[in-house]
1. Can you give the helix-only mean residue ellipticity at 222 nm for the chain, where every DSSP H stretch with n ≥ 4 adds -39500 (n - 2.57) and the sum goes over all residues, rounded to the nearest 500 deg cm²/dmol?
2. Please report the equivalent ellipsoid semi-axes of segment 328-379, computed as sqrt(5 x eigenvalue) of the Cα gyration tensor, largest first, in whole Å.
3. Just subtract the alpha-carbon distance of ASN79 and GLN62 from 0.36 nm times their residue separation and send over the number in nm, one decimal.
4. Placing +1 on the Cβ of each Lys and Arg and -1 on the Cβ of each Asp and Glu in segment 143-193, which of VAL180, GLN151, ILE169 has its Cα farthest towards the positive end of the resulting dipole?
5. For segment 190-317, take N as its residue count and report Rg(C-alpha) divided by 2.2 N^0.38 Å.
6. Which residue, ARG292, ARG329, ARG347, has the most motion in a Gaussian network model of the chain that connects Cα atoms within less than 10 Å?
7. Under 10 Å, Cα contacts only: if you run a Gaussian network model on the chain, which one of LEU308, LEU324, LEU175 comes out with the highest mean-square fluctuation?
8. For segment 129-185, what does the alpha-carbon gyration tensor say about shape, rounded, prolate or oblate, given a ≥ b ≥ c as the root eigenvalues, a/c under 1.5 as rounded, and a/b over b/c as prolate?
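What follows draws every value from the coordinates through simple rules; no lab data is involved. Remember, predicted model here, so these are calculated numbers, not experimental data. Note that each Cβ is placed from the backbone with ideal geometry, even for glycine, and that neighbours are counted across all protein chains shown.
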Amino acid sequence: MVMTKSGLVLGATAVALTAVTVTGAGLHLSQSQAFFKESPKELVDEVWQIIDRNYVDATFNQVDWRAVRQEYLNRPYGNREEAYEAIREMLEQLEDPYTRFMDPKEFENMQIDTSGELTGVGIQLAQEEETNELVVIAPIEDTPAFRAGVQARDVIKAIDGKSTEGMDINQAVNLIRGPVGSEVVLTIEREEETMNFTIRRDRIEIHPVRYSYKDSPYGGVGYIRLTQFNANAVAEMRDAIEDLEGQNVVGYILDLRSNPGGLLNASIEIARMWLDRGTIVSTVNRQGEIDRESANGRAIADKPLVVLVDGGSASASEILSGALQDNGRGTIVGTQTFGKGLVQSVRGLGDGSGLAVTIAKYLTPSGRDINHEGIVPDIEVDLSEEERKAIRQNRTLIGTLGGDPQYSRALSILGDKVAEAKATTPAPNVLSK
């Protein structure tokens, strides 16, 4: 996530997705680069200072952080690589997989392109906090990983035969990425079954919004599927709603399933398209609330709304669905979301390396901690393994009455909401002559 709000990324792509804030210092090597080459101990101290000032947990995981500084500054460092190793060792004491050090190459890879075009296999990764396992948040639709059958919640056990035990997200991204047309083998564990996926890397252009007018017994329904909150999402969502409004739909189904997140600002602006008033999201650091985003009275759709989510809906998806749920604007249908609500600030260091630091967390308008709870649907509708397999093998089933049970239930619920809205709408006054 990037703390200038236009750049706040809620994810990392191996594409890998995580919430990061890129500060300006990190994108180019500073004038002090030569100094850090000569004095790697200063780099260790710079990292310690950043953690000391900004880390979300003021107890530093119950660690005496000042004693840690003394320990690591008393060590001799012969070169930058020794300092890098010491920094990683120091950060391990926080037991936070999202707070991590990146050498210059890893930092370069971390600067994920959110302009709507990616190069890779098309998966978003997270690191499970308790086990440190690399978990797929979701494959991006219509990408090599999606077509190969990779699913949300898959655990990556090896990359090209190299075990991922002890590996962080950036190391995994380095191994998964490669030249367009080359192949990578991912060893994946899914519900105690281990399988290998050979995936050909490609350039991935992402248009995140797909929509259609659907006939139903209740009238015309606007179906909008949002696959990622990238730089194209706001304009494409606005175009979709305005087009469907022009077709006089009676209500909407907003599909956020397997949407791993993206730009924070995109989630806020899209929430404002549906919400006329109310809080959208709060950001809280160790001192308390530091930011609150609200609707601005410029909603462009006020008709009944049902929102589809699942275990692959993460980060920005959870901010949007949580805002709509807490404000009573939409009914949430599906399964519990991923639960990724931490903010990382990504900072460049003096020698071209970088540091991601967890600095805050997101709360829904009612104060729910997204990172621990995720978003629990108002109405839970799960898919069987057979249904998931059928949809994975035939994407045209998504958003259809015959092949997508979650969509079918959402449509039924929307019908009830449309009928409710009609029943409570006052009849127009008719003047007799």
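1. Working: 13 runs with 132 residues, N = 433.
Taken over the chain, the calculation gives -9000 deg cm²/dmol.
2. Working: eigenvalues 213, 23, 13 Å².
After diagonalising the Cα gyration tensor, the semi-axes are 33, 11, 8 Å.
3. Gain on stretching ASN79 to GLN62: 3.1 nm.
4. Towards the positive end, the residue furthest out is VAL180.
5. Numbers: Rg = 17.2 Å, N = 128, 2.2 N^0.38 = 13.9 Å.
Cα-based Rg divided by the globular estimate yields 1.24.
6. Comparing ARG292, ARG329, ARG347 in a Gaussian network model of the chain, the most mobile one is ARG292.
7. For the chain, modelled as a Gaussian network with Cα springs under 10 Å, the answer is LEU175.
8. Values: a/c = 2.07, a/b = 1.25, b/c = 1.66.
Oblate is the answer for segment 129-185, as a/c is 1.5 or above yet b/c matches or exceeds a/b.
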